[in-house]
1. Just one of ALA52, ALA11, ALA81 is out of contact with any His (no Cβ under 6 Å at 6 or more places or on another chain), closer than 19 Å to LYS105 by Cα and small (Gly, Ala, Ser); which is it?
2. Is region 66-76 home to any residue that is at pLDDT 90 or above and assigned to a loop (DSSP other than H, G, I, E, B)?
3. (1) among the β-branched types (Val, Ile, Thr); (2) in a helix (DSSP H, G or I); (3) over 25 Å from HIS133 (Cβ atoms): which one isn't true of VAL46, the others all being true?
4. Looking only at region 30-50, decide whether some residue is on the phi > 0 side of the Ramachandran plot, at pLDDT below 95 and surrounded by fewer than 16 Cβ atoms within 10 Å (Cβ to Cβ).
5. When LYS123 is evaluated against the numbered criteria (1) within 14 Å of the chain's Cα centre (by Cα); (2) at pLDDT below 95, which criterion, by number, is the only one it fails?
6. Taking interchain pairs and intrachain pairs at least six residues apart, which have beta carbon atoms under 6 angstrom, with the first residue in region 13-40 and more than 16 Å from LEU97 (Cβ to Cβ) and the second part of a helix (DSSP H, G or I) and modelled with pLDDT of 95 or more?
7. Run down GLY9, GLY21 and say which single residue is surrounded by 13 or more Cβ atoms within 10 Å (Cβ to Cβ) and within 25 Å of VAL134 (Cβ to Cβ).
8. So TYR80 ticks every box in (1) farther than 21 Å from VAL129 by Cβ; (2) surrounded by 13 or more Cβ atoms within 10 Å (Cβ to Cβ) but one. Which box is left unticked?
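The values are calculated or read from the model by the stated rules, or taken from the named source; none is laboratory data. Here the structure is a predicted model, which means the values were calculated and not measured. Don't worry about glycine lacking a Cβ; one is built from the backbone with ideal geometry, like all the others, and counts go over all protein chains shown.
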Amino acid sequence: LRYIARESGYACPDNLTAAIGDALADQYANFVMSLQKWLVVKSGYVQEDENAYQSLYLPAKTKNFPYFEAALEKSTTGWYANTPNLTFVDVFIAASLEWLIRLDKNGDKLFDGYPLMSAHYKKFFALPVIKKHVAERPEARY
């Protein structure tokens, strides 16, 4: 992902913001990895576990979302790494959150208590190139 970001102009512009972006991307990847059992259940690969949402998903969200909200609190631009423009970490997190909204039975409440994450998500999906892509892409379950 980072290589593609550098090649396509979505890398962070300097070493400090690159370190911030890398840390945020790694934290988000760890969050998603902590959801693996819940994701397998939600994807229908194993029998529904009534407790998976409460025991796996919600604790992981509660543990990790404040970290991302805090990063946005420090940002003066509304982008995760406080860069003037969108970077790979913004794409990675926003696109993945769209996927979580589809999987979460309460997806419409995903950002409750996290107003800056909600604002970032809306800002990302309001970008003309993203709006165009979303409008033209085939419908997908995930």
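1. Residue meeting the stated conditions: ALA52.
2. Narrowing region 66-76 to residues at pLDDT 90 or above: 66-76.
Imposing the further condition that a residue be assigned to a loop (DSSP other than H, G, I, E, B) reduces the set to 75-76.
Yes.
3. Answer for VAL46: the failing condition is (2).
4. Step one: of region 30-50, the residues on the phi > 0 side of the Ramachandran plot are 44.
Those still in the list that are at pLDDT below 95 too: 44.
Now restrict to residues that are surrounded by fewer than 16 Cβ atoms within 10 Å (Cβ to Cβ): 44.
Scanning region 30-50, I find at least one residue that is on the phi > 0 side of the Ramachandran plot, at pLDDT below 95 and surrounded by fewer than 16 Cβ atoms within 10 Å (Cβ to Cβ), so the answer is yes.
5. All conditions are met except number (2).
6. Correct list of pairs: GLY21/VAL89.
7. Of GLY9, GLY21, the one residue that is surrounded by 13 or more Cβ atoms within 10 Å (Cβ to Cβ) and within 25 Å of VAL134 (Cβ to Cβ) is GLY21.
8. Going through (1) farther than 21 Å from VAL129 by Cβ; (2) surrounded by 13 or more Cβ atoms within 10 Å (Cβ to Cβ) one by one, TYR80 breaks only (1).
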